[in-house]
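The values are calculated or read from the model by the stated rules, or taken from the named source; none is laboratory data. Nothing here was measured: the structure is a model prediction, and the numbers come from that model. Cβ placement follows ideal geometry from the backbone for every residue including glycine, while neighbour counts extend to all protein chains displayed.
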Amino acid sequence: MVREIVFDTETTGFKPEDGERLVEIGAIELINHLPTGREYHQYINPCKEVPEEAFKVHGLSYEFLKDYPVFEEVADKFLEFIGEDAKLIAHNAAFDINFLNYELKAINRSTLEWDRVIDTLEIARNKFPGARASLDALCRRFEIDASDRTKHGALIDSELLAKVYLELIGGVEPTMLQDNKNSGTKTQFVENMSGKSFRVARNFNLSAEELEAHKAFLQKKIKLEEVW
């Protein structure tokens, strides 16, 4: 079983060392690359006014955020959700991990290890050199509906990123569709991924004569020492 957490954060600015803070975390759980329906979402009181520039991006004012808990009050629940072994998937992961680790370190919690992190921005840039690799651009490339993304939001961005991530790593295997065809949410996620249909591989039953002919061909045409 492969467990992964796709997540996103929203912040008051770009650098935590300059006093900027987290204001929102969203995350969803994948098992074997498919969403389980489990998710984590939390608004966070940054204990400071939200700059106008940040407000324009995510639409979260301090008046809205001030009644939510501070990070220290929600950290344990977030850490429990992501667990100790799951891979952590984010777009431009260095930004999100740096903010999370800064906040964790400030409350004397263990920071997140970099060997757990998968950066979809890096994957996209390697796969499509020179092309735009923002989340919006990747949604357009893979024909993923992002019409609900009128502003940045941690949870909806995580949901979109999970679909993008699946496309970046090659889509869904037909056997995964079969295994989850009666599982409700999982099947719906796969079917809505990009409108693609998947064809189950055909089985070919060879006769004894055909098998012997194939064996003779291999012995005649292929030299094992050249293969190995």
Exercise for review: Would you tally the residues in the stretch 103-132 being under 13 Å from ALA93 (Cβ atoms) and of a type outside the set (D, E, K, R)?
Suggested key: 8
Review point. Are there any strands (runs of 3 or more DSSP E) wholly within the stretch 1-45 with 2 or more residues that are hydroxyl-bearing (Ser, Thr, Tyr) and over 13 Å from the mean Cα position of the chain (by Cα), and if so which?
Key: 34-43
Exercise for review: Just give me the residues in the stretch 99-121 being part of a helix (DSSP H, G or I), within 17 Å of the chain's Cα centre (by Cα) and touching a residue at least 24 places away in the same chain (Cβ under 8 Å), in sequence order.
Suggested key: LEU100, ARG116, THR120, LEU121
Point to revise | Criterion (modelled with pLDDT under 55 and not in a loop (DSSP other than H, G, I, E, B)) met by exactly one of LEU155, LEU177, LEU161, LEU166 | key: LEU177
Check your understanding: Can you find even one residue in the stretch 77-88 that is touching a Leu at 6+ places or on another chain (Cβ under 8 Å), under 16 Å from GLU159 (Cα atoms) and touching a residue at least 40 places away in the same chain (Cβ under 8 Å)?
Key -> yes
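For every residue, the table says whether it meets (1) among the aliphatic types (A, V, I, L, M); (2) farther than 19 Å from LEU30 by Cα.
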| residue | (1), (2) |
| --- | --- |
| PRO129 | no, yes |
| ARG132 | no, yes |
| ASP136 | no, yes |
| ILE144 | yes, no |
| ILE156 | yes, no |
| LYS163 | no, no |
Check your understanding: Of the residues that make up the stretch 28-48, is at least one without any contact (Cβ under 8 Å) to a residue 60 or more places away in the chain and more than 26 Å from ASP148 (Cβ to Cβ)?
Key -> yes
